[in-house]
Amino acid sequence: MAAAGRVLVYGGRGALGSQCVRYFKSRNWWVASIDLAENEEASASVVVGATDSFPEQAEQVTAEVGKLLGEEKVDAILCVAGGWAGGSAKAKSLYKNCDLMWKQSVWTSTISSHLATKHLKEGGLLTLTGAQAALSGTPGMIGYGMAKGAVHQLCQSLAGASSGLPSGSAAVAILPVTLDTPANRKSMPDADFSSWTPLEFIAETFFDWITGKNRPNSGSLIQVITTGGKTELVAAHL
């Protein structure tokens with residue numbers, strides 16, 4: 001049976017990425033995972049080589065995705081890689097955490113954007129993962145805020161006519177507050193989970209946008225706000 005669609009999930013071994021892989025596979029989509037480790041549930045995996053050189057990592061991933069896809073185009077590229085680290089400008093861990101945040105959010109988003117120029121169908125969708133907190137200052141998490149702010153800027157740049165994205169395609173960033181992941185529950189056991197966004201909701205939203213349902217305009221920064229177990233998508237206006 002032919003696949004219903006084709007999607008790349010960058011960060012396909014993380015909590016949200018794994019959910020996206022499962023969700024699209026259950027709908028008979030071909031799904032490739034890009035991450036530091038293989039996702040055995042995916043149709044294919046590209047394993048990212050750990051390195052401190054951005055050009056080296058970017059070229060490796062770009063070459064391997066090129067080999068995997070050949071001339072085939074994908075309906076969407078979902079960049080759901082990322083992570084969190086705190087610390088003020090005074091923190092001993094500032095440099096280390098800034099480096100980690102840049103690698104997890106900015107490197108992955110930049111590579112995903114370039115992959116979209118090569119492998120996304122006309123009219124396709126690229127999603128990036130920003131953060132609602134980074135719409136304003138983040139003094140207690142400097143590296144995280146800077147990295148997510150850069151992702152927001154990248155998304156807006158990609159909406160421009162000369163960005164290099166295929167005709168009719170869209171770049172949209174999701175800006176979650178807190179995602180309901182096992183790691184977050186473990187680190188914040190006393191939090192109000194009814195204000196956390198279920199991963200399934202994000203996967204469903206991506207599916208809707210890819211298939212043309214309520215897709216935001218390219219360049220949109222979409223806040224994902226959950227209150228009392230109910231999740232809303234609210235466009236941010238900078």
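Each value in this text was obtained by applying a stated rule to the coordinates, not by laboratory testing. Since the structure is predicted, the reported quantities are computational estimates derived from the model, not experimental observations. A quick note on method: Cβ atoms are made from the backbone with ideal geometry, for glycine too, and the neighbour counts reach across all protein chains shown.
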For this session: Using label points projected 7 Å from each Cα along Cα→Cβ, tell me how many nm separate M146 and N214, to one decimal.
Result: 3.6 nm
For this session: Hey, could you get me the Stokes-Einstein D for the chain, Kirkwood radius over alpha-carbon pairs, 37 °C and 0.692 mPa s, rounded to whole µm² s⁻¹?
Result: 183 µm²/s
Seminar exercise, completed: With 0.36 nm assigned to each residue of separation and the Cα-Cα distance removed, N28 to N184 gains 53.2 nm
Exercise. Given Cα pairs under 8 Å that are at least 6 residues apart, what percent is the relative contact order of the chain?
Worked result: 17 percent
Seminar exercise, completed: Note to self: C-alpha centroids of the stretch 215-238 and the stretch 15-73 sit apart, in Å, by 26 Å
Exercise. Mind checking which aspartates and glutamates have their C-alpha under 16 Å from K230, skipping anything on the same chain fewer than 8 residues away?
Worked result: D180, D192, E200, E204
Exercise. Can you pull the Kirkwood radius for the stretch 50-129, inverse mean 1/r over Cα pairs, to one decimal in Å?
Worked result: 14.0 Å
Problem set entry | Inverse of mean 1/r across different Cα pairs in the stretch 26-167, Kirkwood, Å | 16.1 Å
Problem set entry | Charge tally in the Cβ shell below 15 Å around C155, where Lys, Arg are +1 and Asp, Glu are -1, C155 excluded | +2
For this session: Could you tell me which of Q60, L36, Y144 has its Cα farthest along the dipole of the chain towards the positive end, charges placed at Cβ (Lys, Arg +1; Asp, Glu -1), taken about the Cα centre?
Result: Y144
Exercise. Which pairs break 18 Å Cα to Cα here: K73/K213; K103/K148; K96/K148?
Worked result: K73/K213
Exercise. Toward the positive end of the charge dipole of the stretch 78-176, about the Cα centre and with charges on Cβ (Lys, Arg +1; Asp, Glu -1), which of A159, G130, L120 goes farthest?
Worked result: G130
For this session: Give a quick list of trypsin sites (Lys or Arg not before Pro) in the stretch 185-229 that DSSP marks as loop, anything other than H, G, I, E or B, with at most 12 other Cβ atoms within 10 Å.
Result: K213
Seminar exercise, completed: For the stretch 85-213, the Cα convex hull volume per residue in Å³ comes to 122 Å³
Exercise. Could you give the alpha-carbon Rg of the stretch 83-151 over 2.2 N^0.38 Å, rounded to two decimals?
Worked result: 1.26
Exercise. What nm distance separates the two modelled labels at W102 and E200, each placed 7 Å from Cα along Cα→Cβ?
Worked result: 4.0 nm
Exercise. For the stretch 162-227, what number results from the quotient of the Cα radius of gyration and 2.2 N^0.38 Å?
Worked result: 1.36
Exercise. Per residue and in Å³, how big is the convex hull formed by the alpha-carbon atoms of the stretch 37-82?
Worked result: 98 Å³
Exercise. Once every DSSP H run of n ≥ 4 in the chain is given -39500 (n - 2.57) and the sum is divided by its residues, what mean residue ellipticity at 222 nm do you get, rounded to the nearest 500 deg cm²/dmol?
Worked result: -11000 deg cm²/dmol
Problem set entry | Dipole of the stretch 172-238, positive direction: furthest Cα of S220, S194, V177, with charges on the beta-carbon | S220
Problem set entry | Sequence-distant lysines (8 or more away, or on other chains) whose Cα lies within less than 16 Å of K67 | K118
For this session: Over all alpha-carbon pairs in the stretch 1-62, figure out the percentage whose distance exceeds 19 Å.
Result: 31 percent
Exercise. In the chain, what % of DSSP beta bridges are antiparallel (nearest 5)?
Worked result: 20 percent
